[in-house]
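Below is one structure; the comments refer to it alone.
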Amino acid sequence: MLAAAREAFAERGFDGASIRLIATAAGVDPALVHHYFGSKDKLFLAAIEAPADPEELLPELLAGGPADLGARVVRLLLQVWDGPGRAAGLALVRSAVTNEWTARLLREFLVSQVLGRVVGTLGLPRAEGEARGSLVASQLIGVVMARYVLRVEPLASASAEELVAAVGPTIQRYLTGDVDLPGVVAPTT
């Protein structure tokens, strides 16, 4: 089931892959997929071996409104990566760098399961939300690569609060501030 799920999510994305399609590819009844994984979200997390479940972490992150969302996003990223999920996260990131199939799964995870939900709370037009989400992703992926994979100093040994103070304002600007957005035509006045 997990192999069929990985293939479906990589090829069709989260929204395009259905439990029925995955069950058919695995040669099982859809009820069996539901029995073992409960929901498509949980199946997706198991398929990519995600280091954390966004459904458990995002409600608290989003509860505070947009005012300091950037700082909360960075704080949550560091909480996940400095916690027990680091090894799984590192394996996923390292694999994504060298394997397009894994990169598609990681991209889908970031877009549909994490950043799409965060940006979706801001009430933005779709193209603007996607552009802002991609800018946020670029910054967060950069922090992960520099801090945890390449271990670039002093970033690698900085405290979480130092990084929240340094990176949070950039994430906030990407989420809610003035920024020229790639692929989005600014409205004419």
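Given the structure, is GLU7 more than 21 Å from SER134 (Cα to Cα), surrounded by 15 or more Cβ atoms within 10 Å (Cβ to Cβ), in contact with a helix residue (DSSP H, G or I) (Cβ under 6 Å, 6 or more places away or on another chain) and not hydrophobic (A, V, I, L, M, F, W, C)?
Values: more than 21 Å from SER134 (Cα to Cα): yes; surrounded by 15 or more Cβ atoms within 10 Å (Cβ to Cβ): yes; in contact with a helix residue (DSSP H, G or I) (Cβ under 6 Å, 6 or more places away or on another chain): no; not hydrophobic (A, V, I, L, M, F, W, C): yes.
Here the answer is no, as GLU7 does not meet what is asked.
Out of the residues in the range 95-107 that are in contact with a Ser or Thr (Cβ under 6 Å, 6 or more places away or on another chain) and buried (at least 17 other Cβ atoms within 10 Å of the Cβ), which is nearest to VAL144 (Cα to Cα)? Quick ask: steps written out before the conclusion?
Applying the first criterion (in contact with a Ser or Thr (Cβ under 6 Å, 6 or more places away or on another chain)) to the range 95-107 yields 95-96, 102.
This time we only want the ones that are buried (at least 17 other Cβ atoms within 10 Å of the Cβ), so: 96, 102.
Numbers: ALA96: 13, THR102: 17 Å.
The selected residue is ALA96.
Please find, among ASP29, ASP68, the residue that is within 27 Å of LEU155 (Cα to Cα) and of a type in the set (Asp, Glu).
Result of the check over ASP29, ASP68: ASP68.
Could you grab me the full set of residues in the range 57-70 that are within 16 Å of the chain's Cα centre (by Cα) and under 17 Å from ALA165 (Cα atoms)?
LEU61, LEU69, GLY70
Where residues in the range 52-71 are of a type in the set (A, V, I, L, M) and part of a helix (DSSP H, G or I), which of them is most open to solvent (accessible area, probe 1.4 Å)? Walk me through it before giving the result.
Step one: of the range 52-71, the residues of a type in the set (A, V, I, L, M) are 52, 57-58, 61-63, 67, 69, 71.
Keeping just the survivors that are part of a helix (DSSP H, G or I) gives 57-58, 61-63, 69, 71.
Values: LEU57: 46, LEU58: 10, LEU61: 13, LEU62: 52, ALA63: 83, LEU69: 3, ALA71: 25 Å².
Residue satisfying both the conditions and the ranking: ALA63.
Looking at the range 139-189, which of the residues that are more than 23 Å from ASP68 (Cβ to Cβ) and touching a Phe, Trp or Tyr at 6+ places or on another chain (Cβ under 9 Å) is surrounded by the most Cβ atoms within 10 Å (Cβ to Cβ)?
If we take residues in the range 139-189 being more than 23 Å from ASP68 (Cβ to Cβ) and touching a Phe, Trp or Tyr at 6+ places or on another chain (Cβ under 9 Å), then TYR148 is surrounded by the most Cβ atoms within 10 Å (Cβ to Cβ).
I'm trying to understand the selection: among the residues of the range 72-94, which are open to solvent by less than 40 Å² (accessible area, probe 1.4 Å) and either in contact with a helix residue (DSSP H, G or I) (Cβ under 8 Å, 6 or more places away or on another chain) or at pLDDT 90 or above (or both)?
ARG72, VAL73, VAL74, LEU76, LEU77, LEU78, VAL80, TRP81, GLY89, LEU90, LEU92, VAL93
Residues that are more than 17 Å from LEU76 (Cβ to Cβ), within 15 Å of the chain's Cα centre (by Cα) and free of Cβ contacts under 8 Å to residues at least 40 places away in the same chain, at least 1 per element: which helices (runs of 4 or more DSSP H) completely within the range 88-189 meet that?
In the range 88-189, the matching helices (runs of 4 or more DSSP H) lie at 100-108, 126-144.
The values are calculated or read from the model by the stated rules, or taken from the named source; none is laboratory data. Keep in mind it's a predicted model, so treat the numbers as computed, not measured. As a convention, Cβ positions derive from the backbone with ideal geometry for all residues, glycine included, and neighbour counts pool all protein chains shown. Each accessible area value is taken on the protein alone, full model and side chains, heavy atoms only, with ligands, DNA and RNA left out. Shrake-Rupley method; radii C 1.70, N 1.55, O 1.52, S 1.80 Å.
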